[in-house]
Amino acid sequence: LSSSSLGTFFVLPALHPVVCRMSDAQAQGRKRKGEGESACRFAMLSFGIAPSSAYDTVREVWNEFSGPFSRVNEFASVPLAMSVANAAQCHTASSVLEIGAGAGRAAFLRSFMLKESAKHVICDIAPKMVELAVKLAETLPENKRFDTFVVNGERTPFEAGSFEAVIANLVIQLTPCPFDLVKEAARLTKEGGRFAVSLWGQRSQSPMFTVLASALRDLGIDMASRGLPEEKPSSFELGEKLPQLVREFKDSGFGRVLHWRTTMQLAVMDGNEFFEFLMTQPRPTKIFAALSQVRRAQIKVGHVNMPLRRLKKKS
């Protein structure tokens, strides 16, 4: 039995009226403008430009979380990452870029599905994540190794049109300006290439990511008064505004936009195992540290074990 959270995929072939490729006019225009700009006509985005402190915060969070992520979360997210790679047709591409690649586990596995001569590049904003990815790459045969970079996915140093496949697994909902990441992917994607991402879906279908917040509300516990306000914007926000999100992708220069829903599995057998998983996560760890032993027991018994038992019965 697994606790599931709903994710949403977007497969974004570059623009062409018939075969979903970037048009010659767009590709030539992008070359004239140079690698720092895209010729795609981008929509005005409500997210605007985030302050540098926002990226510093993201970097610090994922540096701190790099150890637990590489030991626990990454293994749960790898199947989703491989589905994203398939959606982008990485196995047929001559060049692949993964944005927000974390500790590199998906890249490690993906390297065996790529063509022998394919250029394989990954990047992440957190240096400690990239350090882990470098160590993993060094264990691969030399002809399977990928290149690693510490890079903000919204502003990369790579040349325009330099990748046939660009992917981002569970990243776009976390970056300060998600549509800037989409614009950057449009700049980097070759004519005829694909951009594929996954992101959080509907809150109502995601018990794994919502059970703790629900428990706190039911018990009347205000974490904001304890210095831990709810994170905003919510990671569910993009997935709950699909029509707007699709429009933004198209305005960024991509043609057909395909999306569907799938589950991300966390292989826990009962509430105790799920509680142990929560205790490896940064925010839950801070929340439980701020609560009394009685409150922690109430959450574990009444709001983690019981919901998972109900899920078990339904399955």
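Here is a check on your reading of the model: is V134 within 25 Å of F236 (Cα to Cα) and among the aliphatic types (A, V, I, L, M)? When the stated conditions are applied, V134 does not pass them. Considering (1) exposed (fewer than 15 other Cβ atoms within 10 Å of the Cβ); (2) at pLDDT 85 or above, the lone condition that E231 does not fulfil carries the number (2).
Please specify each residue of the stretch 256-302 satisfying the condition of being in a helix (DSSP H, G or I) and under 21 Å from the mean Cα position of the chain (by Cα). Within the stretch 256-302, F277, L278, P282, R283, P284 qualify.
Filter the stretch 264-283 down to the residues that are hydrophobic (A, V, I, L, M, F, W, C) and open to solvent by less than 60 Å² (accessible area, probe 1.4 Å), then identify the one that is farthest from P79 (Cα to Cα).
Among them, the one singled out is F275.
The residue pairs whose first member lies in the stretch 68-79 and is more than 10 Å from A103 (Cβ to Cβ), whose second member is surrounded by 16 or more Cβ atoms within 10 Å (Cβ to Cβ) and aliphatic (A, V, I, L, M), and whose beta carbons are closer than 9 Å, counting only pairs six or more residues apart or on different chains, are A76/M264; A76/L266; S77/A106; S77/L170; S77/M264; V78/A106; P79/M264. The one condition from (1) under 13 Å from the mean Cα position of the chain (by Cα); (2) crowded, with 18+ Cβ neighbours inside 10 Å; (3) in a helix (DSSP H, G or I) that E98 does not meet is (3).
Taking the stretch 140-165 as the range and being among the hydrophobic types (A, V, I, L, M, F, W, C), touching a Cys at 6+ places or on another chain (Cβ under 6 Å) and surrounded by 18 or more Cβ atoms within 10 Å (Cβ to Cβ) as the test, the residues that pass are V151, A165. Figure legend. Inter-residue proximity from the stretch 234-247: first residues free of Cβ contacts under 8 Å to residues at least 12 places away in the same chain, second residues among the aromatic types (F, W, Y) and surrounded by 15 or more Cβ atoms within 10 Å (Cβ to Cβ), beta-carbon distance below 6 Å, spacing 6+ or different chains. No pairs are indicated. Do we have any residue at all in the stretch 73-84 that's at pLDDT below 95 and open to solvent by 60 Å² or more (accessible area, probe 1.4 Å)? So far as the stretch 73-84 goes, yes, one or more of its residues are at pLDDT below 95 and open to solvent by 60 Å² or more (accessible area, probe 1.4 Å). One residue is enough: does the stretch 201-211 have a residue meeting the conditions open to solvent by 10 Å² or more (accessible area, probe 1.4 Å) and in a loop (DSSP other than H, G, I, E, B)? Yes - at least one qualifying residue is present in the stretch 201-211. The residues on offer are L188, L242, L258, and the sole one that is farther than 30 Å from Q298 by Cα and crowded, with 20+ Cβ neighbours inside 10 Å is L188. The condition (being among the acidic types (D, E), closer than 25 Å to A50 by Cα and outside any helix (DSSP H, G or I)) is satisfied by just one residue among E237, E164, E191, E248: E237.
E230: of a type in the set (D, E), farther than 20 Å from T148 by Cβ and free of Cβ contacts under 8 Å to residues at least 40 places away in the same chain, yes or no?
Spelling it out, E230 is indeed of a type in the set (D, E), farther than 20 Å from T148 by Cβ and free of Cβ contacts under 8 Å to residues at least 40 places away in the same chain.
The values are calculated or read from the model by the stated rules, or taken from the named source; none is laboratory data. Bear in mind that the values here come from a model prediction, so they are computed numbers and not experimental data. No Cβ is skipped: glycine too gets one built from the backbone with ideal geometry, and neighbour counts run over all protein chains shown. To get the accessible areas, we keep the full protein, side chains included, count just its heavy atoms, and leave off ligands, DNA and RNA. Shrake-Rupley method; radii C 1.70, N 1.55, O 1.52, S 1.80 Å.
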